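Inspection log for the structure reproduced underneath, given as structure tokens.
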Amino acid sequence: MTKPTAHHPEIGGHHSHRPLYFKIFAALMVLLFLTVGAAELNLGELNLIAALGIAVVKAALILLFFMHFRDSDHLTWIVGLATVAWFLILILFTLNDYNSRGLITSMPGK
Amino acid sequence: MSNAVAQHAESPQLLSHFDDLQQQDESTKLGMWTFLATEVMFFGGMFLAYILFRWLYHGGFAVGSNELIMPAGFINTGVLLVSSLTMALAVDEAKLGNHKSVVRFLILTMILGSIFLGVKAFEYITDYHENLIPGLNFHPEHLIEELEKSGNMEDLPHVKLFFVLYFAMTGLHALHMVIGIAVLAVLAYLIFKNKFADGATVESVGLYWHFVDLVWVFLFPLLYLIDLNHKP
């Protein structure tokens, strides 16, 4: 099974991350209960902010630890951060467009 | 040159177009990350539509959201988080070379993924019986009555829009789960048959699985939670 041809750069040096994974999982479950608890309370606008804030923290934990983004090389970081940037362009620019429609009511020459 | 030849001679799984295993593994993972970037844009369009229309038609979206079975979404989030843990443990065991444990954790992950789909199917069937499926049978009598009473009948098309997006987003996510389970099955079979032992490939499949979990981490609050207190 563990024939030397299965050699991986991380094998040999690799030690189990199991305790870390259990800690991250525990944190994710705590956040899950927290987000449902927060949603049951009437916080007005804060409901949305709390829900999305907790979701971002959960996503960051999954990304950084379960997906090993933390230990990834620079090229992977560029792909990851570019993805976030493009996603934000998609969302924020479109919302900005919708939000600003009709703001300019009198335009010279129109 | 002779070094490269030696590298290939001692590692049969090293493909001819790579210099060494590290380069090969990094390329495998980078390929998956690039694919996931396209997936973010794929789901991104739907998230954009949801965010935009919820902002424009908040009343109807809140009514629609309150029709969902929140505890089912809650349980499913928990199930997916456990499946992410078992997937992470499978990758961990793959790096340690414990093939039997890898297979065990992959099967566990598949079972948890199937439980998720089962709960999802239960929700869809409930929605069907409540006549909440646009294009198939969207005429929720109790909702129409309520909206008439509160004088918010103009919200009804927006409730329908909420359910269009709900089924599109959760359906696309469920499709990703089905594909994920199928990929895990093939991977587990190949490792079990000892035909396959590449740690980077197990990790890449893991990346895909965690990504699908990550999408749900945003779907759950957006669809089920944020309007629990917004009763019309």
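When residues in segment A:64-91 are screened for being touching a residue at least 12 places away in the same chain (Cβ under 8 Å) and more than 7 Å from chain B (Cβ to nearest Cβ), 1 of them pass.
A quick yes/no check of all residues on (1) out of contact with any strand residue (DSSP E or B) (no Cβ under 8 Å at 6 or more places or on another chain); (2) among the hydrophobic types (A, V, I, L, M, F, W, C); (3) within 14 Å of B:Leu132 (Cβ to Cβ):
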| residue | (1), (2), (3) |
| --- | --- |
| B:Glu146 | yes, no, yes |
| B:Gly151 | yes, no, no |
| B:Lys160 | no, no, yes |
| B:His176 | yes, no, no |
| B:Leu187 | yes, yes, no |
| B:Asn194 | yes, no, no |
| B:Ala200 | yes, yes, no |
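Does B:Phe122 satisfy the criteria of being surrounded by fewer than 15 Cβ atoms within 10 Å (Cβ to Cβ), among the aromatic types (Phe, Trp, Tyr) and closer than 28 Å to B:Phe42 by Cα? Reasoning before the result, please.
Values: surrounded by fewer than 15 Cβ atoms within 10 Å (Cβ to Cβ): yes; among the aromatic types (Phe, Trp, Tyr): yes; closer than 28 Å to B:Phe42 by Cα: yes.
Taking the combined requirement at face value, the residue satisfies it.
Is it the case that segment B:21-43 has a residue that's under 22 Å from B:Asp227 (Cα atoms) and crowded, with 18+ Cβ neighbours inside 10 Å? The answer is yes, given that some residue of segment B:21-43 is under 22 Å from B:Asp227 (Cα atoms) and crowded, with 18+ Cβ neighbours inside 10 Å. Out of curiosity, is B:Phe218 more than 21 Å from B:Lys29 (Cβ to Cβ) and in a helix (DSSP H, G or I)? Criteria met by B:Phe218. For segment B:1-48, a residue qualifies if it is assigned to a helix (DSSP H, G or I) and among the aromatic types (Phe, Trp, Tyr), and the qualifying residues are B:Trp33, B:Phe35, B:Phe42, B:Phe43, B:Phe47. Selection within segment B:7-45: residues that are more than 16 Å from the chain's Cα centre (by Cα) and among the charged types (D, E, K, R). The member of this set that is farthest from the other protein chains (Cβ to nearest Cβ) is B:Asp19. The single condition among (1) surrounded by fewer than 19 Cβ atoms within 10 Å (Cβ to Cβ); (2) in a helix (DSSP H, G or I) that B:Ala94 does not satisfy is (1).
For segment B:221-232, the condition holds for no residue, the condition being that it is touching a helix residue (DSSP H, G or I) at 6+ places or on another chain (Cβ under 7 Å), touching a residue at least 60 places away in the same chain (Cβ under 8 Å), more than 8 Å from chain A (Cβ to nearest Cβ) and β-branched (Val, Ile, Thr).
Yes/no per residue for (1) of a type in the set (A, V, I, L, M); (2) under 21 Å from the mean Cα position of the chain (by Cα); (3) away from every other protein chain (no Cβ under 14 Å):
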{"residue": "B:Gly113", "(1), (2), (3)": "no, yes, yes"}
{"residue": "B:Glu123", "(1), (2), (3)": "no, yes, yes"}
{"residue": "B:Gly135", "(1), (2), (3)": "no, no, yes"}
{"residue": "B:Glu141", "(1), (2), (3)": "no, no, yes"}
{"residue": "B:Leu172", "(1), (2), (3)": "yes, yes, yes"}
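Checking every residue in segment A:31-38 against the condition of being part of a helix (DSSP H, G or I), more than 19 Å from B:Met70 (Cα to Cα) and more than 7 Å from chain B (Cβ to nearest Cβ) gives zero matches. B:Ala88 falls short on exactly one of the conditions (1) within 11 Å of another protein chain (Cβ to nearest Cβ); (2) crowded, with 17+ Cβ neighbours inside 10 Å; (3) over 19 Å from A:Met67 (Cα atoms), and that condition is (3).
Bear in mind these aren't lab numbers, they're just calculated from the coordinates by the rules spelled out. Predicted, not measured: the structure shown is a model, and the values here were computed from it. As a convention, Cβ positions derive from the backbone with ideal geometry for all residues, glycine included, and neighbour counts pool all protein chains shown.
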